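Data first, discussion second: the structure below is written as structure tokens.
The values are calculated or read from the model by the stated rules, or taken from the named source; none is laboratory data. Because the structure is predicted, anything quoted here is derived from the model rather than measured. Every residue, glycine as well, gets a Cβ built from its backbone with ideal geometry; the counts of neighbours run over all protein chains shown.
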Amino acid sequence: MPKETFYNLDQVKRQKIMDVVIDEFAAHDYKSASVTKICGQAGIAKGSFYQYFDHKKDLYRYVMNYIGQSKMAYFAKYQSDLDMSNTFDFLRMLYAMGIEFTYKNPKLYHISKYFMNMPESERRDILGEQLEESDQYLKTMFQKGKEAGYIREELDVAFLARILTDLSNSISDYYLFELDKASIDKDTFMNIANTMIDVLENGLRKK
């Protein structure tokens, strides 16, 4: 994460750096993204960069945190309209809002697409505390679902949170790579998400 010197920059300069950083990571995967190029386009010396961030991975963690925080801020606008205890309808709304956010932020989408192509161990290393925050959010959702009678009482919420995270990563992989979607297709992704939620809600057995 950034050092105090980065936060001490005036807002205009800090935003200029972030705009360049987002452009670079939207155009290139983590390994190919160039700190030298970022510094050149942002108008800062390379030595100054290392006064703001320890290394490129530190910057990348900040970018992924920026995406996560931006998405949560977007969700927060609708949070009062959502009933977390109605687990499956809540999940459908979360995915719908996530797709809408992605559609409105194509550069962040491309960064996320490159990120999803990294090995899981590297993704978990990059996300760090974000994973803990996400897990806690999902645990709260499943606990409220239990209390409202949507989720079986004997199921462990931590296990359910991990399953949902893994399933969400899997449908992102399927959408981005197996279907080879070069552009954002909201309907296709929502159909995949709805299929996953339907399986969670109703199981695989034919009725």
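Here is a yes/no grid of residues against (1) of a type in the set (Gly, Ala, Ser); (2) closer than 27 Å to VAL157 by Cα; (3) modelled with pLDDT under 85; (4) in contact with a strand residue (DSSP E or B) (Cβ under 6 Å, 6 or more places away or on another chain):
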| residue | (1), (2), (3), (4) |
| --- | --- |
| MET97 | no, yes, no, no |
| LYS107 | no, no, no, no |
| SER112 | yes, yes, no, no |
| THR140 | no, yes, no, no |
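Taking region 160-207 on its own, how many of its residues are over 17 Å from PRO119 (Cα atoms), acidic (Asp, Glu) and either assigned to a helix (DSSP H, G or I) or at pLDDT 90 or above (or both)?
Qualifying residue count, region 160-207: 3.
Give ASP23, ASP10 a once-over and let me know the one that is of a type in the set (Asp, Glu) and without any contact (Cβ under 8 Å) to a residue 12 or more places away in the chain.
Criteria check complete, one pass: ASP10.
If only one of LYS31, LYS46 is assigned by TED's automatic domain parsing to the domain that holds LYS3 and under 20 Å from LYS13 (Cβ atoms), which one is it?
Values: LYS31 fails: under 20 Å from LYS13 (Cβ atoms).
On inspection, the qualifying residue turns out to be LYS46.
Given the condition within 24 Å of THR195 (Cα to Cα), free of Cβ contacts under 8 Å to residues at least 24 places away in the same chain and in the same structural domain as ASP187 (by TED's automatic domain parsing), answer yes or no: does some residue in region 83-91 qualify?
yes
Between a first residue in region 56-80 that is loosely packed, with under 15 Cβ neighbours inside 10 Å and among the polar types (S, T, N, Q) and a second residue that is assigned to a loop (DSSP other than H, G, I, E, B) and modelled with pLDDT under 95, which pairs have beta carbons less than 8 Å apart while being 6 or more apart in sequence or on different chains?
Cβ pairs passing all conditions: SER70/ASN105.
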